[in-house]
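Quick notes on the structure that follows.
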Amino acid sequence: MRMSAPFFSRVCGVLTAATIALGGVALTAPAAQADIPACTKMVQHAGVGASDAVTAACTRGVHNDLRGCVNALTEAGVAGGAATGACRMAANPP
């Protein structure tokens with residue numbers, strides 16, 4: 001069975017529109033908020049209380065600013081290895 005050119009063009013157009021629409025939704029979706037609590041929980045397990053500074057640092061991790069996240073957590077009193085682990089937790093959802 002051979003498809004006619006107008007039918008084929010229409011199918012391609014519909015598939016392209018669907019791809020663009022779904023891709024736009026994926027690009028505009030906010031970062032998962034569950035990652036910040038996971039990061040702050042890991043910081044608390046390291047013996048540092050959750051504070052505004054810790055939450056701000058974990059937010060940097062969610063936005064893939066790992067160096068900024070680790071530096072901010074270290075300044076808040078989190079040991080280097082724990083800070084790195086918490087920031088990776090924020091950047092990479094489970």
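Read-outs: derived from the displayed coordinates by stated rules, not from any lab. Computed from a predicted model, the values in this text were never measured in an experiment. Because the Cβ atoms are built from the backbone with ideal geometry, glycine has one as well, and the counts that use them run over all protein chains shown.
Net charge around ALA57, counting only other residues with Cβ within less than 13 Å of its Cβ (Lys, Arg = +1; Asp, Glu = -1)?
Charge balance in the 13 Å sphere: -1.
So what is log10(I(q)/I(0)) for the stretch 35-91 at q = 0.12, 0.15, 0.27 1/Å, when the Debye sum runs over its Cα atoms only?
-0.17, -0.26, -0.96
How high is the relative contact order of the stretch 35-91, given as a whole-number percent (alpha carbon pairs under 8 Å, six or more residues apart)?
Relative CO of the stretch 35-91 lands at 45 percent.
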